[in-house]
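Reviewing the structure listed below.
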Amino acid sequence: MRTTERTPVSRHVWVAAATAASLLTLMLAGAPGARAGIDPSPFRPWLGLSAASGAFYAGQGSFRSLYGDVQAAIHIQADVHLSRKIFLFAGFRTLQTKGATAVIGTGIADEHYSLEFRVSSIRAGLGFRLPIRRFALRLGVGGSFNSVRERWLDFPEDEALKAAGFFGNIGFGFELGRRWEIFSRLEYATIPTDSGSALQSKVNLGGFEAVLGLMFKL
Amino acid sequence: MKKAFAVMVIILAAASAAAAPGGDHLIRLAKEDAARIPALLRTQLQGLQELQACWVVRVGDGLAQALTGLGFSFEVLDSNPEGKAYFLVRTASPADAAALAGLGEVRPLDGSTALFWAGATEAREVLPETFAVKRLHLGRRLQVRGRESSVPIPLPAGRMRNERAYADDVIPDLVAQVSKSKLGLNIQDLQDFQTRYASTTNCESAGTYLFDYFQSQGLAVEYQSFAFGGKPYTTRNIVATLPGHSSPEQEVIVCAHYDSTSNQPLTLAPGADDNASGTSAVMETARILAGRSFDFTVRFICFSAEEWGLYGSEDYASKAAAAGVDIVGVLNLDMIAYAPTLPETLDLYVNSTSGWLADRFRTAADRYAPLPVQKIVDASATWSDHSPFWDQGYSALCGIEDSDNPYYHKTTDTFSTLNMDFTTSITRAVVAAAADLAQPTYSVPTPTGLRAQSQVSSSLFDSIKTAYLDWDAVSEPVAGYNVYRTTTSHAGYQKLNSSPLADPSYVDRGLDPGTTYYYVVTAVDGEGRESNFSQEVKDDENN
């Protein structure tokens, strides 16, 4: 990853981490059970299945210049809650978009070629869930395995590659009933690759994503 | 990451050190070592001479230490070069090398080429006449490159141009005009000056003779005077010009040196083979082409002071480069008359970037004036007037007999030892090649004003280049235009359009951004006849 790209991303990560830590401290301090000294009821592991859509904002400007500032992503995820506060999760994310090439250097003609881009990710990680009445604070970190393809529609240029990445997120859920929970989270991901072009010597497909979804509890 | 950072710090420190004052060194840098030097440092190397396997480079103390510190190996040839006169000397045998050793300092460079100096003394004044020399100019700054890739870039299949009906009409007629007797008379005339040693008045008289000859052919002629040698002496190049019709800014040069030397240079240096023969071929080519019309300008040049170290051609080539003269190719002829038996082979010496010129010469010769030709790619062949053109990045070849002339640089190098049938066949090939390069003006007008610009379009993982071409519409009605492309300058053009283009513009998409492409265009008339190629342009002239 190039230093020039890394600087603003790192700042956002620190802000997000600090916010998360502050919220966590407040929640723990204000947890009803702890304040009343009441033992919680016995825990039974449960499974959550969720679907969500995300609004992705790429960390690298080169990606945004080709495909626009925000792209829609789809998430499907399963959470296995092993204790009241800890859960494991695994899921799938896909993002498909269309764009147009950028001109490098001084342009001679305003001529752009159409592009298609797709990244499909298998993700897994560890989460922390802190229930507060009908709300729940959720934190998560994990890794991803990503399959990437970029295709030029006018020329036989076609790049397909695989890349590993990492991500972290923070969000909250709201119980709609015994089985349903609506949730939202903000996520930061990094997906570095060794590939690039005249536009971007080393591409990182990470960025920020706001996610909104619905979970069904089993 | 840490390692990369450390290397960068060392390189930056080295780059700073390079700018620091200190003594200079001449070094021999092998090309494979040059290729490994980071570009940031390599651009600071002052290349003085490229040879086949190495460079002669001038470096300051700081840069030399930096290169050593980074683990790059080189050989120091000499230190504190200021005030010394260095020469590249061809040492044909170990005995030659041994003979040099007692006359001054000698450092082997590359194959049969050595660096020689004897303080500030001119090589010609201390070396036996048998040595061919080239002055190494310390002020020259050539860009040091690594070894070039020899892998050709494949082009998609395209249609080669094969309509040459008009050239086939014109060039055989030109070739047929080559006169063996006139070639012989020219050589005899030059020999009759007794000596053409560049520092003598006889050489000046020979120059005047050549000036008058070219003028009598109706060509515009000029002297190009320059100083040479330690005295300094003054001598003159003779430059005759046949202006081009459609693209006069593009020049084809046919040249030879007219000065001579021998073991009695001040009084008797007939130089019949070396190089009245080459000069005669230039004169005869000028006689035949004068009065004909070609798309490109043809210059007929007789250089002086070649035997002193290529001073005349160095002066001409460096001034042409400084003025941005667009030289298509240089045909240099040096010793083309000694052939004990026939058939005899004409050797064509080229460097890697001039290979196309030898191929083009051979093709023209095969088509119009067949003779055995051998192409030899050797950047170390620095011993004649093509070499300063190589130094300036121009394409040039040297045509020279294949046999060793036992009368070389002797008072016995006379007309009676020559094979004029050999000279005549070579001159025919030279006329054919020069006419082919300059392109006889055709009734279908050649497009002019071709311009090319390119831009790179990029996605995340791929980039392509697009070239935008436009040219001036020809003044006469034509059916359209054809566009040709190649990745090797002046060779292997392939047509891009399937039918003639109505407008004088073309966009070539989907190109590799890392490759340089060259373009020419032609006009096509209503009967399907195609004009000559326009001047060639590079796709990235805007970059």
Practice item. Pick out, in residue order, every one of the GluC sites (Glu not before Pro) in the range B:58-145 that is DSSP loop and has at most 13 other C-beta atoms within 10 Å; say none if there are none. Key: B:E82
Study note, to complete from the structure: For B:T201 and B:S352, extending 7 Å from Cα along the Cα-Cβ vector and measuring point to point gives, in nm, a value of 5.1
Exercise for review: Kindly give Rg over Rh for the protein assembly as shown, based on alpha-carbon atoms, with the Kirkwood expression for the hydrodynamic radius.
Suggested key: 1.16
**Study point:** Relative contact order of chain B, pairs being alpha-carbon contacts under 8 Å that are 6 or more residues apart, as %
**Key:** 13
Revision key, fill the gap. In this structure, the FRET efficiency calculated for A:D154 and A:D194 from their beta-carbon separation, with R0 = 30 Å, to the nearest 0.05, is 0.70
Check your understanding: How far apart, in nm, are the 7 Å Cα→Cβ label points at A:A72 and B:R509?
Key -> 2.9
Point to revise | Low-density loop cleavage sites - GluC sites (Glu not before Pro) in the range B:481-543, where at most 15 other Cβ are within 10 Å (DSSP) | key: B:E527, B:E541
Practice item. Would you be so kind as to identify which of B:Y518, A:V148, B:T234 lies farthest towards the positive end of the dipole of the protein assembly as shown, taking Lys and Arg as +1 and Asp and Glu as -1 on Cβ and the Cα centre as origin? Key: A:V148
Exercise for review: Please sort by residue number the trypsin sites (Lys or Arg not before Pro) in the range A:88-156 whose DSSP state is loop and whose Cβ has at most 16 other Cβ atoms within 10 Å.
Suggested key: A:R133, A:R134
Check your understanding: Computed from the mean reciprocal separation of all distinct C-alpha pairs, what Kirkwood hydrodynamic radius does the range B:293-383 have, in Å?
Key -> 15.2
Check your understanding: Treating the beta-carbon of each Lys and Arg as +1 and of each Asp and Glu as -1, no other charges, what is the dipole magnitude of the range A:88-188 about its Cα centre, to the nearest 20 debye?
Key -> 1080
Exercise for review: Among the lysines, select those whose C-alpha is under 20 Å from the C-alpha of B:K84, and discard any that sit fewer than 8 residues away in the same chain.
Suggested key: B:K134, B:K231
**Study point:** Cα-based shape type of the range B:330-411, given that a ≥ b ≥ c are square roots of the gyration tensor eigenvalues and the cut on a/c is 1.5
**Key:** oblate
Practice item. Counting residues in the range B:411-522 as N, plug N into 2.2 N^0.38 Å and put the Cα Rg over that result. Key: 1.60
Check your understanding: Between A:S83 and A:S53, what is the FRET efficiency for a Förster distance of 25 Å, r being their Cβ-Cβ separation, to the nearest 0.05?
Key -> 0.30
Review point. Quick one: putting +1 on the C-beta of Lys and Arg, -1 on the C-beta of Asp and Glu, what dipole do you get for the protein assembly as shown around its Cα centre, in Debye to the nearest 20?
Key: 5660
Point to revise | Spin-label pair B:R451/B:K319, simplified geometry with 7 Å Cα→Cβ offset, distance in nm | key: 3.1
Review point. Once the Cα atoms of the range A:111-218 are picked out, what are the Rg and Dmax in Å?
Key: 18.0, 56
Practice item. Express in nm, to one decimal, how much length is gained between A:W46 and A:S147 on full extension, taking 0.36 nm for each residue of separation and deducting their alpha carbon distance. Key: 33.3 nm
Study note, to complete from the structure: Percent relative contact order for the range B:19-101, counting Cα pairs under 8 Å at least six residues apart, stands at 40
Check your understanding: Within 10 Å of each Cβ of B:505-514, how many other protein chain Cβ atoms are there on average?
Key -> 2
Review point. Taking 0.36 nm per residue of separation and subtracting the Cα-Cα distance, what length does fully extending B:D326 through B:T234 add?
Key: 30.4 nm
Practice item. Straight distance only, please: which aspartates and glutamates reach the Cα of B:K319 with their own Cα at less than 18 Å, same-chain residues fewer than 8 apart left out? Key: B:E222, B:E249, B:E251, B:E306, B:D385, B:D391
Check your understanding: At 222 nm, what helix-only mean residue ellipticity would chain B give, in deg cm²/dmol to the nearest 500, using -39500 (n - 2.57) for each DSSP H run of four or more?
Key -> -8500 deg cm²/dmol
**Study point:** Normalised convex hull volume, chain B, alpha-carbon set, Å³ per residue
**Key:** 151
Study note, to complete from the structure: The exposure ranking of B:V507, B:V59, fewest beta-carbon neighbours within 10 Å first, is B:V507, B:V59
Check your understanding: Based on the Cβ-Cβ distance from B:E222 to A:S201, what FRET efficiency comes out when R0 is 60 Å, to the nearest 0.05?
Key -> 0.70
Exercise for review: Please give the average number of partner chain Cβ atoms lying within 10 Å of the Cβ of each residue in A:148-157, rounded to a whole number.
Suggested key: 3
Revision key, fill the gap. Shape descriptors of the range B:230-304 over alpha-carbon atoms, Rg and Dmax in angstrom, are 15.1, 48
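Readers should treat all values here as calculations from the given coordinates under stated rules, not as data from a laboratory. Here the structure is a predicted model, which is why all the values come from computation and not from measurement. Note: ideal-geometry Cβ built from the backbone for every residue, glycine included; neighbour counts use all protein chains shown.
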